[in-house]
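The values are calculated or read from the model by the stated rules, or taken from the named source; none is laboratory data. These numbers were taken from a predicted model, which means no experiment stands behind them. Note: ideal-geometry Cβ built from the backbone for every residue, glycine included; neighbour counts use all protein chains shown.
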Amino acid sequence: MATAALESLPAPLRSTLRLKTKQQELLLRVSALALIYVLAFAVRLFSVLRYESMIHEFDPYFNYRTTLFLTEHGFSEFWNWFDSESWYPLGRVVGGTLFPGLMVTAALLHRLLRALSLAVHIREVCVLTAPFFAANTTLVAYAFGREIWDSGAGLVAAALIAVCPGYISRSVAGSYDNEGVAIFALLLTFYLFVRAVNTGSLAWSLASAFGYFYMVSAWGGYVFIINLLPLYVLVLLVTGRYSQRLYVAYNSTYVLGMLLAMQIRFVGFQHVQSGEHMAAMGVFFLLQVFFFLDWMKYLLNDAKLFKSFLRITLTCVITVGTLALGIGTASGYISPWTGRFYSLLDPTYAKDHIPIIASVSEHQPTAWSSFMFDFHILLFLFPAGLYFCFKRLSDATIFIVMYGLTSMYFAGVMVRLILVAAPAVCLISAIAASATIKNLTTLIRSKSRSPQTVSGKATGSKAAAKGAVDQSLPYQKNAAIVLLLGAFYLLSRYAVHCTWVTSEAYSSPSIVLAARGHNGGRVIFDDYREAYYWLRQNTPSDAKIMSWWDYGYQITAMGNRTVIVDNNTWNNTHIATVGRAMSSYEDEAYEIMQSLDVNYVLVVFGGVTGYSSDDINKFLWMVRIGGGVFPVIKEPDYLVNGEYRIDKGAAPKMLNCLMYKLCYYRFGELTTEYGKPPGYDRVRGVEIGNKDIKLEYLEEAFTTSNWIVRIYKVKPPKNRS
């Protein structure tokens, strides 16, 4: 029918509309990419549709607050901003203690929209920044897949990463965190670098350096790039794949990227002074040695003479390098690895030495169920993709193999780093899916041939073998059709799984909680915003709020009040002081609060609603962090035979510490469940041990409607009341 309609058109128009095969291919590819782009953006909007346009989690509230400051006061004021409302009484130099890439990006997008006469509030830009960059990441994934394999693998990679839960977890609408733009920058830097290695082009190398600069400005995860690239170059050198292309690509990227990265105040001179960056510098000098030796080999033109020269040169280089590294480390010029870096290499390091890192749930080792939840069938396609890469080794496939293996190792060490592994898993899985589907379709489309008489030198046995192959072809075709249908079925299940995970697991803002009522209907708990609104409206503007560090950013951004500690966690002693106050008796805690000028104390309690992420469940980490600085706090004092309890069998110090009192004050009078005694904690599943709680130095100021957030006022000293 379409053909008949085409034939009825005039000849010139008919020839214009009739596309060549390559043009049809290009049209299909562009159309598919456009659909994938829209899908990647739309699938991340569940949270906006189900709740409202809001910022999620904890850290994004600091990012939103600083972005708002940037748009209102300009970049100069932002870069030199001293925030007196954080870390009282220390304060915080904002411009020198953050990665500004996310804020600057959102501010530029906001300015662009305003220039186009679109009156959009900066909050809406912040909410939609992560989905926008996730959609852009699909285009980079396509280009990267095409560079390392072919355009088919690129399209599959774009489709897989568009809905991959491992990436969606940090890129839904409202997830205004650094990773929202950083994964785009990470993949872009890798693609541009591989392109530079493949072509030897200075332009691509410089583009890679600028991509690296954007990554450095956006997220501290740039350390992964600055260590993976030299490791990759080292592998190419060891395997005899040194080339001028590699020399140009790495040197240009490293030198320009390092100089640009130094412009970020939070990074400064770490590229030449930090132990975490020394591998990149070492490989840079190693490349110069390779280039020099290659040049000398050409000049000497004598194998024996060059061998002696090589021995002397390597001895000198190794000696000088070892001495330089040793002197730099001993003198303190080269700083040692940070605790976070050590914890990636040794998963037990943080738990033993830095409890504040181990206390964060996303820093825990990854369970197998999390891999399955975030990758689904990609977990099985990944090894197959590695097989195809090894089967067709090139500089590009070696890079993606190294990216995949290293990122999967780090993802196993820390659940948060599944995000870094997601692009590699999608790309390698795409290679497996694309190559398999291509092989199966080729087999299905091949035509069977009847055995012909073999002439000349061909033997009868060869003819018989060829005939047997041709006769078995229908069976192979049937098997290929079954396998192809199976592959499409598994990919469809992957799409269904990703949509469900995005909708149910990753689109619920932590600041607004949802549950199912007895009738199956949805119940919304908006206690956090209720508490912050009360703080903003009912406390003096200079009031100081003490809470655990998890809630600091939200209190400052939404309550507009000064906090003692927040999520930046740069000062372990200050956080340990708050932990000591929470785990001390009320009179001891009162002295600490007076020394910090605390006016109000905020705690989060889930015993009424069953909200498990409350301060009672976090309390042991407060004890450990406090005890790490103040030996007077000892974890065994809060345990009974090594068991953490809050019922009548709990330790006496546990039953009388400040945190216990603030959470369970008046709770003993409340019936939370039918058939359970008053004071029944729905999270811990027990009746509390101390129902007769009296407060001497604090008084209840406000408790939210569902008891999730409780605020207490610190009484002034008696001689000042």
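Let's see how each residue does on (1) among the aromatic types (Phe, Trp, Tyr); (2) more than 21 Å from Ala134 (Cα to Cα):
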| position | (1), (2) |
| --- | --- |
| Leu187 | no, no |
| Leu206 | no, yes |
| Tyr214 | yes, no |
| Ser217 | no, no |
| Tyr247 | yes, yes |
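Check whether at least one residue in region 626-636 is of a type outside the set (D, E, K, R), surrounded by 15 or more Cβ atoms within 10 Å (Cβ to Cβ) and touching an Asp or Glu at 6+ places or on another chain (Cβ under 8 Å), and report yes or no. Don't jump to the end; show me each part of the working.
Narrowing region 626-636 to residues of a type outside the set (D, E, K, R): 626-633, 636.
Still in the list and also surrounded by 15 or more Cβ atoms within 10 Å (Cβ to Cβ): 626-630, 633.
When the remaining residues are screened for being touching an Asp or Glu at 6+ places or on another chain (Cβ under 8 Å), the result is 627.
Yes: one or more hits.
Can you tell which of Asp542, Asp566, Asp587 is assigned by TED's automatic domain parsing to the domain that holds Lys661 and touching a strand residue (DSSP E or B) at 6+ places or on another chain (Cβ under 8 Å)? So that I can check it myself, show each step before the final result.
Numbers: Asp566 fails: touching a strand residue (DSSP E or B) at 6+ places or on another chain (Cβ under 8 Å); Asp587 fails: touching a strand residue (DSSP E or B) at 6+ places or on another chain (Cβ under 8 Å).
After ruling out the rest, the residue left standing is Asp542.
Is there any pair linking a residue in region 516-542 that is farther than 23 Å from Thr609 by Cβ to one that is of a type in the set (Ser, Thr, Tyr) and surrounded by 17 or more Cβ atoms within 10 Å (Cβ to Cβ), with Cβ under 8 Å and at least six apart or on different chains, and which?
Thr539/Tyr600; Asp542/Thr562
Go through the residues of region 649-656 one by one and say whether even a single one is under 26 Å from His574 (Cβ atoms) and of a type in the set (A, V, I, L, M, F, W, C). Before the answer, list the steps.
Residues of region 649-656 that are under 26 Å from His574 (Cβ atoms), as a first pass: 653-654, 656.
Now drop any that are not of a type in the set (A, V, I, L, M, F, W, C), which leaves 654.
Looking through region 649-656, at least one residue is under 26 Å from His574 (Cβ atoms) and of a type in the set (A, V, I, L, M, F, W, C).
List, please: which pairs have Cβ atoms under 6 Å, are six or more places apart or on different chains, and start with a residue in region 611-637 that is under 30 Å from Leu513 (Cβ atoms) and end with one that is among the hydroxyl-bearing types (Ser, Thr, Tyr) and assigned to a helix (DSSP H, G or I)?
Close Cβ pairs satisfying both conditions: Met622/Ser583; Val623/Ser583; Val623/Tyr638; Gly626/Ser583.
Considering only residues of region 1-45 that are among the polar types (S, T, N, Q), surrounded by 10 or more Cβ atoms within 10 Å (Cβ to Cβ) and over 30 Å from Ser507 (Cα atoms), which is modelled with the lowest pLDDT?
To start, the set of residues in region 1-45 that are among the polar types (S, T, N, Q) comprises 3, 8, 15-16, 21, 23-24, 31.
Imposing the further condition that a residue be surrounded by 10 or more Cβ atoms within 10 Å (Cβ to Cβ) reduces the set to 16, 23-24, 31.
In the following step, the residues that additionally are over 30 Å from Ser507 (Cα atoms) were identified as 16, 23-24.
Numbers: Thr16: 52, Gln23: 82, Gln24: 83.
Taking the candidates together, the pick is Thr16.
Of the residues that make up region 70-87, is at least one assigned to a helix (DSSP H, G or I) and touching a Ser or Thr at 6+ places or on another chain (Cβ under 9 Å)?
yes
Going by the conditions given, is Thr573 surrounded by fewer than 17 Cβ atoms within 10 Å (Cβ to Cβ), within 34 Å of the chain's Cα centre (by Cα) and not aliphatic (A, V, I, L, M)?
Taking the combined requirement at face value, the residue satisfies it.
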